[in-house]
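Here the structure is laid out as structure tokens; the discussion comes afterwards.
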Amino acid sequence: MTREQYLKLSSILAAGTLLPHNLLAEIFSPEELKRNDFGKDFIWGTATAAYQIEGGWNEDGKGESVWDHFVHEHKGKIKTHETGDVACDFYHRYESDIELMHKMNIPASRFSIGWSRVLPQGTGAVNQKGIDFYHRVIDKCLKENVEPWVTCYHWDLPQALEEKGGWANRDSIKWFEEYVNVISKEYGDKVKNWMVFNEPMAFVPLGYLIGVHAPGYVNFSKFYKAVHHVTMSHGAGGRILRANVKGATIGTTFSCSHVDAKNDKPANVKAARRADAFINRLFIDPVLGLGYPKADLPACKHIERHMLDGDAEKMKFDFDFIGLQNYSRMVIYQLGLIPIIHFANVPAKKLGHDTTDMGWEVYPEGIYNLIKKFGAYRNIPKIIITENGAAFPDENVNGEINDTKRIQFLKDYLKQVLKAKQEGVNVCGYFIWSFMDNFEWAEGFRPRFGLVGVDFKTQQRTIKASGKWFSEFLSK
Ligand code: FCB
């Protein structure tokens, strides 16, 4: 027994309390989580997205994406008036960045392909230089023993397609099929892990309903149509990947938040159910063959208006895994004034827990609740946490970034993941958002999510204390 264990135990015995099992465990094994606790097949990695890190926005034949367009034409919508034109300059620095991943023992890298880099107009002619770029990235990952996990779409629709109506145009299903066909044929021999979409519940409402992300519309009709076309594209993309990639593991990713009602007033409890249907189920349920969650979310009737014969079948796809992305939770009350959803959430700072630099509540139990919730769906074979992480105001002091809050956040969330796993849910991977600080959409470069700090003036990378912690954790 160590001195510390002895002191803890004697103070508890002196107080005359009985020792519950978990307290004993806490005293005798207070040491950190171990990689081994999760089993040897558990997948560990970090995540990024093309627009947030690549830069090279108009180089080597790349076409304009909705985000290129948005940051240039609607500067005011980015809080810091910045753009992702250069971002982390990954387009030119991918080799040293992937070497850094290797050095940090990171076994897998989740990244996305920029649609307008490979198909500048979205459909039609391919851009060979763009195609070659992702070959080089993938080859470098394989060389460094970093398994590539590719997201087909992380929010950067080619602007040429937005000009034809974007996701609100039913042709988007065909455009997306063409794109997924190109990339899966091109890279399918080397890449076995694929995700169709990143977080439809973020890019569809933020882009078409409240207009804070590209393409910046506040338009109910576009929103309803886009929900349905993205849902249809889930199934369509999945089927193309299945046909083109031998031995593929195919998933897709959803943002989700544990939802609590503000109190037990019936109107708030009902609003919380509606919020859960909107935030967590609107996109998942139909791809699992359960249809839109209209019993809890009446607004689904506006979406179903856009369904054609046969769509219910085509929306379904047998994914090998579902990617859950979680940052925070929502505490909900009824608010009739809010169109479509009729609920609002209590501001995080009023909930009595810490918040991150995004203003999001730190609530580790939430990830456990979500894993249990989705683990109980009959038709989800595997869950992977494809994003989890936190932004805190890091400070670089003489070349050191001592981000202890981030380390604590990751440990606390990971403990909850482990708890769900130990209770029998098939959760089999965890990706930290993000490998390095990057362009955080409408927030600009201010929020820093990386395990690696980036000085955006010099592009210098600094492994933060959290990066060192993760690297050490992975080495054991
Ligand atoms: C997720 C996005 C990702 C990043 C993190 C903080 O919703 O998928 O691109 O912005 O949030």
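A few remarks follow.
- Which of Phe38, Phe445 is most accessible, then next, and so on - probe 1.4 Å: Phe445, Phe38
- Ranking His154, His258, His342 from most to least accessible surface, computed with a 1.4 Å probe over the protein chains only, gives His342, His258, His154.
- When each of the peptides 305-315, 356-366 is scored by how many other beta carbons lie within 10 Å of its residues on average, the order from highest to lowest is 356-366, 305-315.
- Sequence-separation-based contact order of the chain, relative, with Cα cut under 8 Å and 6+ spacing, percent: 16 percent
- Net charge, Lys143 excluded, C-beta distance under 14 Å - Lys, Arg +1, Asp, Glu -1: -2
- Accessible surface of region 328-476, 1.4 Å probe, proportion on carbon and sulfur as whole %: 49 percent
- Taking all protein chains as shown and a probe of 1.4 angstrom, Lys192 keeps an accessible surface of around 60 Å².
- Calculated accessible area for region 42-475 comes out at 38 Å² per residue, all protein chains present (probe 1.4 Å; ligands, DNA, RNA ignored).
- The local environment of Asp311, defined by Cβ-Cβ distances under 11 Å, has a net charge of 0 under the rule Lys, Arg +1 and Asp, Glu -1.
- Environment charge at Gly188 (Cβ cut-off 12 Å; Lys +1, Arg +1, Asp -1, Glu -1): +3
- Leu33 exposes around 20 Å² of accessible area when a 1.4 Å probe is run over every protein chain in place.
- Region 185-210 and region 401-476: distance between their alpha carbon centers, rounded to Å: 21 Å
The values are calculated or read from the model by the stated rules, or taken from the named source; none is laboratory data. Just so you know, these numbers come straight off a predicted model, no measurement behind them. Methodologically, a virtual Cβ is constructed for each residue, glycine included, from the backbone with ideal geometry; neighbour enumeration extends over all protein chains shown. These accessible areas exclude ligands, DNA and RNA; they are computed on the full protein's heavy atoms, side chains included. Shrake-Rupley method; radii C 1.70, N 1.55, O 1.52, S 1.80 Å.
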